[in-house]
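The values are calculated or read from the model by the stated rules, or taken from the named source; none is laboratory data. Note that the coordinates shown come from a computational prediction; the quantities given were computed from them, not determined experimentally. Neighbour counts are summed over all protein chains in view; Cβ atoms, including those assigned to glycine, are modelled from backbone coordinates with ideal geometry. Heavy atoms of the whole protein, side chains included, go into the accessibility calculation; ligands, DNA and RNA do not. Shrake-Rupley method; radii C 1.70, N 1.55, O 1.52, S 1.80 Å.
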Amino acid sequence: MSARSSRMRLAAGAFLRSPTGPIALVLLAIFTLLAIAGPSLFGDAATDVDVAQASEGPSSEHPLGTDALGQDILARTLAATRLSLLLPLGAILMAALIGAVLGALISTAGPRLRRFGAGAIDGLLGFGGVLLAVFVVAVVGIGAAGAVVAVGLAFAEDHVAAIGAVVTGAQGRMHGVQRLEHHRARLFGAQPGG
């Protein structure tokens, strides 16, 4: 068993032994089931307009009440669960993909491009994720797509910096291994590189 799988097993065990771990898993499972089944189970009730019951408080028929159009707030909330799960997931995947590609490209580039890329990332980190997200929404537009792009780009800068550090660290370790092999070869009388 590798050291990584051993660490993962320890982390999973600690997560499940903590009081919040199993509760979080149950809530995540419920949330995922609602995201899968919610729109088909509650979609019609969420879109039905009944102006006669507009802005009513909680009742046995509408546990969370109704909105200004008379639509059931509980049904609308449950029907939108899929969107509430997919939009953040899309933003996270976008941030991770952009961050991984740019971080690896900048870290493996030549010294000039690496310096320019590091300066650009430092500038973005100093600019602030929220301000960048507001700017992106202003350019892309308000809506689901604008929100995903804005949040994805706002968090991509953190991923670029993290992946860049990992790639640079791995390059440094590889360089250290090559130097060690070079010294071993010289120690035993072999010609370097031969």
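Descriptive notes on the structure:
- A simple charge model with +1 on the Cβ of Lys and Arg, -1 on the Cβ of Asp and Glu and nothing else charged puts the dipole of the chain at about 1920 debye relative to its Cα centre.
- Only the Cβ atoms of Lys and Arg (+1) and of Asp and Glu (-1) were treated as charged; on that basis the dipole of the stretch 1-62 about its Cα centre amounts to roughly 1060 debye.
- Dipole of the chain, positive direction: furthest Cα of Ile73, Ala145, Pro19, with charges on the beta-carbon: Pro19
- Fraction of accessible area attributable to carbon and sulfur, the chain (%, probe 1.4 Å): 71 percent
- A dipole drawn for the stretch 66-148 from +1 and -1 charges on Cβ atoms has a positive end, and of Ser84, Leu131, Leu113 the residue lying farthest that way is Leu113.
- Nearest 10 degrees, 0 to 90: helix 81-108 Cα axis against the chain principal axis: 20 degrees
- The chain - percent relative contact order, Cα under 8 Å, separation 6 or more: 17 percent
- Top of Ala133, Ala118, Ala109 by mean-square fluctuation, Gaussian network on the chain, Cα under 10 Å: Ala109
- On a per residue basis, the chain carries 68 Å² of accessible surface, using protein heavy atoms and a 1.4 Å probe.
- Surface listing: Ser2, Ser18, Ser60 arranged by accessible area from highest to lowest gives Ser60, Ser2, Ser18, probe 1.4 Å.
- Shape category assigned to the chain from the gyration tensor of Cα positions, a/c cut at 1.5: oblate
- Dipole size of the stretch 42-128 about its Cα centre, with +1 on Lys/Arg Cβ and -1 on Asp/Glu Cβ: approximately 1100 debye, rounded to the nearest 20.
- Taking 0.36 nm per residue of separation and subtracting the current Cα-Cα distance, fully stretching the chain between Leu83 and Phe116 would add 8.1 nm.
- The angle between the Cα long axis of helix 144-187 and the main principal axis of the chain comes to about 20°, on a 0 to 90 degree scale.
- For the chain, a Gaussian network of Cα nodes joined below 10 Å ranks Ala12, Ala150, Ala68 by mean-square fluctuation, and the top entry is Ala12.
- Distance between the stretch 78-98 and the stretch 1-57 - C-alpha centres, whole angstrom: 14 Å
- Per-residue Karplus couplings for the stretch 33-42, computed as 6.51 cos²θ - 1.76 cosθ + 1.60 with θ equal to phi - 60°, are listed in order as 4, 5, 5, 6, 9, x, x, 6, 7, 10 Hz, Gly and Pro entered as x.
- Accessible-area ranking of Ile92, Ile106, largest first, probe 1.4 Å: Ile92, Ile106
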